[in-house]
Amino acid sequence: MTQPVIVLTGQPIWEDTVRRGLEPAYSVVALSDKSGYVKRLAEMRPALVLVDGKEADWSYWVTTPKTSPATRRIPVVLVASDSRLREAARSAGADAVISTSELAAQPAQLVEQYARVSDTALLEALECGCAETLPPLATEGVAQFNAGHYYRQHDLFEEQWVQTDAPIRDLYRAILQVGVAYYQIERGNHRGALKMLLRSIQWLAPLPDVCQGIDIRQLRLDSEAVRAALEQMNPADIGHFDRSLFKPIRLVDPSRA
């Protein structure tokens, strides 16, 4: 399991205390620049965000992750000793409010209480599911994806996702969202495409490099290349997007992976 990340926002006076209490069990990352906030959270997939309640713009750091499907599952805790902030913090979307003294006294215990850390049993179940054969609906979904029929692939993978109860359903959701992003590019929806690619990260990241015969590692690289190209271009130029970046899903023999 990779080292979980804890994000601190602003420039809190308790940063050193948190680092001493959490490292090296957790990787502690401080963010003070608002630009690309959601993007960075989506890429880092932190277990918890700790927001400094003494910052004048604390509500931005709390609310912004909760308004994006790519980051809304990340727990956000406001650190503030002012009891008057509690109700405001809840309204802003904070999952909890703790005092500075509570955090200083037991950072590891509080993080363990609120953090969203990958469940070992869940990951094992996902790995078992990845060892299975790709089911028929998903197989047809891959074929439609590779043929450039991104709307049709959505319907097939969504149906497979609905029919599946096990954690492996995240595989189908991940591919579906990458395909929908490509479809949005074809429709000229720059913002919608970026949104879907960011959402797909949370489902692609926990998957093994090969899952049900699909080369997930390559799919991650391909979707990241599309996202990078989108981020670098003027949204008004979306009609000229280089569609040669839309690579097919690569199927491999799991036994040789």
| query | Using the Kirkwood formula over every pair of different C-alpha atoms, what hydrodynamic radius in Å results for the range 190-249? | reply | 12.3 Å
| message | Students often forget the sequence filter, so: which lysines lie under 17 Å Cα-Cα from K34 once same-chain residues fewer than 8 apart are removed? | response | K54, K66
| field | Angle between the chain longest axis and helix 169-186 axis [Cα atoms, degrees, rounded to 10] | value | 80 degrees
| request: Measure out, as a whole number of angstrom, how far apart the alpha-carbon centroids of the range 90-140 and the range 200-256 sit. | output: 24 Å
| request: Using Cα pairs closer than 8 Å and at least 6 residues apart in sequence, work out the relative contact order for the range 5-117, in percent. | output: 28 percent
| task | DSSP loop (so not H, G, I, E, B), at most 15 other Cβ within 10 Å: list which trypsin sites (Lys or Arg not before Pro) in the range 186-257 pass both filters. | result | R187
| request: Return the ratio Rg/(2.2 N^0.38 Å) for the range 33-132, where Rg is computed over Cα atoms only. | output: 1.22
| query | Using only helices, what value at 222 nm comes out for the chain when you add -39,500 (n - 2.57) per DSSP H run of length 4 or more and divide by the total residues, to the nearest 500 deg cm²/dmol? | reply | -15500 deg cm²/dmol
| query | Can you give the relative contact order of the chain as a percent, counting alpha carbon pairs under 8 Å and 6+ residues apart? | reply | 15 percent
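Throughout, read-outs are computed from the coordinates displayed, never taken from laboratory work. Note that this is a predicted model, so its numbers are computed, not measured. As a convention, Cβ positions derive from the backbone with ideal geometry for all residues, glycine included, and neighbour counts pool all protein chains shown.
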